[in-house]
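Enquirer: Below: one structure in structure tokens.
The values are calculated or read from the model by the stated rules, or taken from the named source; none is laboratory data. These numbers come from a predicted model, not from an experiment. We place every Cβ from the backbone using ideal geometry, glycine too, and count neighbours over all the protein chains shown. Note: accessible area is taken over every heavy atom of the protein model, side chains too, but ligands, DNA and RNA are not part of it. Shrake-Rupley method; radii C 1.70, N 1.55, O 1.52, S 1.80 Å.
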Amino acid sequence: MRLARTVLAAAVPLALALSACGDDETTQPAATDMVDDTMTDDMDGEEMMGAAWQSLELTDVDGKTFTLNDFMGKPVFVENFATWCPNCRAQLGDTNAAAAELGDDAVFIALSVETDLSASDVAEYAADNGFDHIRFAVMTPEFLAAISDHYGNNSINAPSTPHYIIDTHGVAGEMATGKQSTGSIVETMHAAAM
């Protein structure tokens, strides 16, 4: 585990430096597609009711704790971001508009990859940008490592605007990157609610 964190600590700056800031939406394979069959066999059962990483506790900017598995029964849109990232700010604008349109029918969560930020800094960022329909939280180092293990390093590369949807059964879909319009987000969230 210590070696994985050391590798992750070295990979994050490299991934950020090499990030592609394009506007085209692309889908990245899940990290489970890149592991041997024994590992995927072990994970298949977890995926059915929410993977283990989805049970890691997070604390939102209001001080309330939650896990991604807490929202079973509703589709959940999760966007990983950084406060310094202009691509993230633009994408969060569309995400916020989709969240406003869908209201209580869906959950929208934005997770900062900047694990050293305070909740008050992230709350100020959300308020300054008018992102009032999204639940904001800062990833813990454990969550950052787990999400990177699951989806790969591109999942923590903020300028690529990584996002994924967890359906109503708790199954996390593939991670997507690139700009996604409000209408596209609403459409994919309706599909995840089926």
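Enquirer: Let me spell it out: the conditions are (1) touching a Leu at 6+ places or on another chain (Cβ under 7 Å); (2) surrounded by fewer than 15 Cβ atoms within 10 Å (Cβ to Cβ), and GLY183 meets all of them except one. Which number is the exception?
Expert: Tallying (1) touching a Leu at 6+ places or on another chain (Cβ under 7 Å); (2) surrounded by fewer than 15 Cβ atoms within 10 Å (Cβ to Cβ), GLY183 fails exactly one: (1).
Enquirer: For segment 109-118, indicate whether the set of residues that are farther than 23 Å from THR182 by Cα and of a type in the set (Val, Ile, Thr) is non-empty.
Expert: Taking segment 109-118 first, the residues farther than 23 Å from THR182 by Cα are 114-118.
Applying the additional criterion that residues be of a type in the set (Val, Ile, Thr) yields 115.
Within segment 109-118, one or more residues are farther than 23 Å from THR182 by Cα and of a type in the set (Val, Ile, Thr).
Enquirer: Here's another thing I want to ask about it. Do we have ALA146 as surrounded by fewer than 23 Cβ atoms within 10 Å (Cβ to Cβ), touching a residue at least 60 places away in the same chain (Cβ under 8 Å) and under 23 Å from THR65 (Cβ atoms) here?
Expert: Values: surrounded by fewer than 23 Cβ atoms within 10 Å (Cβ to Cβ): yes; touching a residue at least 60 places away in the same chain (Cβ under 8 Å): yes; under 23 Å from THR65 (Cβ atoms): yes.
It is true that ALA146 is surrounded by fewer than 23 Cβ atoms within 10 Å (Cβ to Cβ), touching a residue at least 60 places away in the same chain (Cβ under 8 Å) and under 23 Å from THR65 (Cβ atoms).
Enquirer: Can you spot a residue in segment 82-91 that is open to solvent by less than 30 Å² (accessible area, probe 1.4 Å), modelled with pLDDT of 95 or more and over 18 Å from LEU144 (Cα atoms)?
Expert: Yes: one or more hits.
Enquirer: Among (1) under 13 Å from the mean Cα position of the chain (by Cα); (2) closer than 22 Å to LEU102 by Cα; (3) aliphatic (A, V, I, L, M), which single condition is ILE147 missing?
Expert: (2)
Enquirer: If the Cβ limit is 6 Å and pairs must be 6+ apart or interchain, which residue in segment 178-194 that is under 24 Å from PRO159 (Cβ atoms) pairs with which residue that is modelled with pLDDT under 95 and open to solvent by 50 Å² or more (accessible area, probe 1.4 Å)?
Expert: Cβ pairs passing all conditions: GLY178/ASP24; GLY178/GLU25; GLY178/THR26; LYS179/ASP23; GLN180/GLU25.
Enquirer: Report, ordered by the first and then the second residue, all pairs with beta carbons closer than 8 Å, sequence separation of six or more or different chains, a first member in segment 161-176 that is surrounded by fewer than 18 Cβ atoms within 10 Å (Cβ to Cβ), and a second member that is modelled with pLDDT of 90 or more and of a type in the set (D, E, K, R).
Expert: THR168/LYS74; GLY173/ASP167
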